Amino acid sequence: MSIKSIALGLALTMSTAAIAQTTEIAPSVFRVESGVDFQISNVGSSDYVISWTDTNGTFGGMDPTLILTSGESYTFTRTSGSHPFVITDDTLPVSGSDGSYSRTTFDGAVIDAATLAPIADFTADPAPTADFIQWDLMIGDEGDYYYTCRVTGHLGMTGRIQVVEAGGVADQRDIQVRSVDFASGTIELYNYGTVDQDLSGWRTCTHDFDDVRRYSSSGGLNGVMIEAGTSVWFHYNNDAPADPDRLNISDIGGTFASPLDQDAYGLQLYFPDTNGNVSFGNGSLIADHIQWNIDGSGVGNAEFRTVQSVSEGLWTAIGDFIATETGSESIELTDLGDGRFHGPGNYTVNASCPADLNDDDVLDFFDISFFLSNQVDFNEDTVFDFFDISAFLSAFGAGCP
């Protein structure tokens, strides 16, 4: 690289380091929001050691995963001898997990074919040269990349780089159960975040009165993506239409507590750890929790993992069930005011026959008596008045389907 390029790189490093911010979001995974100069040494021929300093302090480790931001400039400088450092696209054959990736090819031509072009600009030669990589990330460069040693036999000197939009790191707990439809037998997952979420490796754990710890398969959601502001649906009746966002539970695999009805039920949605594994005993991997029951009685096994969700701040308390009825058609998450901390008050239960207040599937004098005796706030405006009477009479007159 030219002296001019070196001077430009140093200027960029000085100007961006002052505003850089690094967060360790998982072991061996660092979110580096603004441009820094990565200093690269090594442990023999087994690992690179990458270190850098910004306004949050000094960071580093062996073969860390780096999450970088499009629109920023980063430099990579080798500080010790041997082991030329190259950046490749995601076609490089690699296996492993964060902090312990390994290249699976000894073929130099394969490495060169995956290296970003021009190869000279994406190769940081070892010291004592003054060579370095200056990577000016552009909008549209978002995706997965790898770094590795160009020496073909040094397989373990490999790591992953993820490029995201500014602020664009997916948060697993943005995925929430937005609705449960008993009539159609579906559960809807919705992405409330601003970043697409890959559900690969995600699993469900479901329970009802009789069933406990029913786990979906470990690979059943591989390749399923929930784009920001969109949904996917699980079809318990295995009647999903031809739509990639509609998934039959028989295709997901594993087991689910069934049937999906109004009676006691609990569901936890788990995401994998940084090594791609789900440990059902680890509450920090729960993305969302929901539970419902008819009148809160006869719980059985439905609350088997609720204590984990409560301890993680995802559910209000043991014994707090969304109150359903035998005629309830669906449950909807209607209040996000508490963020991810949910309880019965965050949901609305829709009934197929709302005037059937005593839940005996018949509209008669007993429903009228219940309405008057309990002064039911039928229109849910927190006041019992003429408008509740009018709404109840209208629903009563419409009858039950």
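Numbers below:
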read-out: Among (1) crowded, with 18+ Cβ neighbours inside 10 Å; (2) within 29 Å of residue 281 (Cβ to Cβ); (3) modelled with pLDDT of 90 or more, the one test that residue 341 misses; value: (1)
read-out: Region 108-138, residues that are closer than 25 Å to residue 32 by Cα and part of a loop (DSSP other than H, G, I, E, B); value: 116, 117, 118, 125, 126, 127, 130, 131, 137, 138
read-out: Unique residue being of a type outside the set (A, V, I, L, M, F, W, C), surrounded by fewer than 17 Cβ atoms within 10 Å (Cβ to Cβ), touching a strand residue (DSSP E or B) at 6+ places or on another chain (Cβ under 6 Å) and touching a residue at least 60 places away in the same chain (Cβ under 8 Å) when the list is 144, 136; value: 136
read-out: Within region 282-312, considering residues that are under 24 Å from residue 348 (Cβ atoms) and surrounded by fewer than 17 Cβ atoms within 10 Å (Cβ to Cβ), the one modelled with the highest pLDDT; value: 298
read-out: Search result, residues across region 355-375 that are within 24 Å of residue 330 (Cβ to Cβ) and assigned to a helix (DSSP H, G or I); value: 367, 370, 371, 374
read-out: Residues satisfying the stated conditions in region 151-169, i.e. crowded, with 19+ Cβ neighbours inside 10 Å, part of a loop (DSSP other than H, G, I, E, B) and not aliphatic (A, V, I, L, M); value: 154, 156
read-out: Qualifying position, being touching a helix residue (DSSP H, G or I) at 6+ places or on another chain (Cβ under 9 Å) and in a loop (DSSP other than H, G, I, E, B), among 392, 378, 396; value: 378
read-out: Members of region 196-230 found to be surrounded by fewer than 17 Cβ atoms within 10 Å (Cβ to Cβ), over 17 Å from residue 276 (Cα atoms) and either outside the structural domain of residue 258 (by TED's automatic domain parsing) or not small (Gly, Ala, Ser) (or both), listed by number; value: 196, 209, 210, 213, 227, 230
read-out: Checking residue 384 against (1) under 27 Å from residue 188 (Cβ atoms); (2) part of a loop (DSSP other than H, G, I, E, B); (3) at pLDDT 90 or above, the condition it does not meet; value: (1)
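The values are calculated or read from the model by the stated rules, or taken from the named source; none is laboratory data. In this text the structure is predicted, and so the values were computed from the model without any measurement. Every residue, glycine among them, receives a Cβ derived from its backbone with ideal geometry; neighbour counts consider all protein chains shown.
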